[in-house]
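Undergrad: Just dropping this structure here.
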Amino acid sequence: MTLGPVWQTWIFGGMAVFMIALNVIMQPDLIGQLIMLVPAVALLGLPHGALDLAVAQALWPLNGWRGMACFVGLYIGIALGVIGIWTVLPAVSLFAFLIYSAVHFSGDWDDAVPFIRYTGGVATIGAPALFWQHDVATLFAFLAPVPAAQAAALVLAIAGGAALALSIAAVVLRPDLRTTATIEQGVIWISAACLSPLVYFVVYFCTLHSVRHFADALGALDNRGYALRVAGGLSVITVLAGLAAFAILQRVDTPMVAQSVLQIVFIGVAALTVPHMILVDRFQKQKRTPTAR
């Protein structure tokens, strides 16, 4: 995806300020953070992935319901494969998820110079660990064995510190790099320092990454009305399924609710990100070489 217009920067910055103020007033515990996380990801985060079917139809001739069923089956099959691998190899899967998340999120600044793009990708996942290493390790322990969770949090903290130092040096020494990309990455660092990791994730994933990708993908599609209807329908189904799952999970102990919700959200996002990344990469290559269609 490409650098978005200034209105996207304003949305991201405004939401960061609002959430920082709300966090100071409310100081939500883990359950309160989850209550913010789940609906935000369902309503604002996942719709950008719900455009994937429309994107696929723009790439390939998915004629009729059979073509769409084949694509959906392949998409879900890849996601289920990721979940299966995570179940067998949680430590390896956690590290792999963090690496490809950094690569994927770096696409939020695809038009920036490579240096800014890479530091941005590292910042998206490394910034929370730099300021909240223990909290990040605790969250990762819901997803992988404790030693792997602690090691992942430490590696992210080191990578985040290096990215922050390099970003500051670049902005000071290279005035030409002081663009909206560096402003947005500055907001990422401030948000990560002031907000708990889960609340930070809501702010970044829902109000920058998802908004940018959704606008970019929708703008490149010919049949935007159809794409919006498909994305809306899939989003409604996701929200209803999430509400049903949350209602069921409320019947178990609170620690189990937190663990189950975190596993569903993050392992689910990890699983869906793999086919999503493959599709987005192919779509971006086609946009750069339109004559190849």
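Undergrad: From Ala69, Ala137, Ala96, which residue is surrounded by 19 or more Cβ atoms within 10 Å (Cβ to Cβ), among the hydrophobic types (A, V, I, L, M, F, W, C) and out of contact with any Asp or Glu (no Cβ under 9 Å at 6 or more places or on another chain)?
TA: The match here is Ala137.
Undergrad: Residues being buried (at least 22 other Cβ atoms within 10 Å of the Cβ) and either within 11 Å of the chain's Cα centre (by Cα) or small (Gly, Ala, Ser) (or both): count how many of those fall in the stretch 186-195.
TA: Of the residues in the stretch 186-195, 2 are buried (at least 22 other Cβ atoms within 10 Å of the Cβ) and either within 11 Å of the chain's Cα centre (by Cα) or small (Gly, Ala, Ser) (or both).
Undergrad: Quick check, is Asp108 touching a His at 6+ places or on another chain (Cβ under 8 Å), crowded, with 16+ Cβ neighbours inside 10 Å and either within 21 Å of Gln284 (Cα to Cα) or at pLDDT below 95 (or both)?
TA: So Asp108 fits the description; yes.
Undergrad: Which pairs do you get when a residue that is under 14 Å from Ala149 (Cβ atoms) and modelled with pLDDT of 75 or more, found in the stretch 256-267, comes within reach of a residue that is assigned to a helix (DSSP H, G or I) and of a type outside the set (Gly, Ala, Ser), reach meaning Cβ atoms under 7 angstrom, with the pair 6+ apart or on two chains?
TA: Ile267/Ile83; Ile267/Trp86
Undergrad: Provide a single number: the residues in the stretch 117-136 that are assigned to a helix (DSSP H, G or I) and among the aromatic types (Phe, Trp, Tyr).
TA: Selection size over the stretch 117-136: 2.
Undergrad: Could you grab me the full set of residues in the stretch 140-169 that are touching a residue at least 40 places away in the same chain (Cβ under 8 Å), farther than 16 Å from Leu262 by Cβ and crowded, with 18+ Cβ neighbours inside 10 Å?
TA: Leu156, Ala163, Leu164, Ser167
Undergrad: Another question about this same structure. Quick check on Leu139: is it under 15 Å from Pro197 (Cβ atoms) and either assigned to a helix (DSSP H, G or I) or acidic (Asp, Glu) (or both)?
TA: yes
Undergrad: Something else now. Exactly one condition in (1) at pLDDT 75 or above; (2) under 30 Å from Gly186 (Cα atoms); (3) of a type in the set (S, T, N, Q) is not met by Gln33; state its number.
TA: In the conditions (1) at pLDDT 75 or above; (2) under 30 Å from Gly186 (Cα atoms); (3) of a type in the set (S, T, N, Q), Gln33 misses (1) alone.
Undergrad: Exactly one of these conditions fails for Arg229: (1) modelled with pLDDT under 75; (2) exposed (fewer than 13 other Cβ atoms within 10 Å of the Cβ); (3) not small (Gly, Ala, Ser). Give me its number.
TA: Result: Arg229 fails condition (1) only.
Undergrad: Restricting attention to the stretch 91-110, does a residue exist that is out of contact with any Lys or Arg (no Cβ under 7 Å at 6 or more places or on another chain), over 30 Å from Phe12 (Cα atoms) and touching a residue at least 40 places away in the same chain (Cβ under 8 Å)?
TA: yes
Undergrad: In the stretch 172-224, which residues are at pLDDT 90 or above, small (Gly, Ala, Ser) and under 21 Å from Asp135 (Cβ atoms)?
TA: Ser191, Ala192, Ala193 - these are the residues of the stretch 172-224 that are at pLDDT 90 or above, small (Gly, Ala, Ser) and under 21 Å from Asp135 (Cβ atoms).
Undergrad: From Ala170, Ala159, Ala148, which residue is assigned to a helix (DSSP H, G or I), of a type in the set (Gly, Ala, Ser) and over 19 Å from Leu94 (Cα atoms)?
TA: The conditions single out Ala170.
Per-residue answers, yes or no, for (1) hydrophobic (A, V, I, L, M, F, W, C); (2) farther than 22 Å from Val203 by Cα:
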position	(1), (2)
Leu80	yes, yes
Phe97	yes, no
Trp109	yes, no
Ile125	yes, no
Gln133	no, no
Ala144	yes, yes
Ala149	yes, yes
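The values are calculated or read from the model by the stated rules, or taken from the named source; none is laboratory data. Keep in mind that this is a model prediction, so the values were computed, not measured. In this analysis, Cβ positions are derived from the backbone assuming ideal geometry, glycine residues included, and neighbour counts consider all displayed protein chains.
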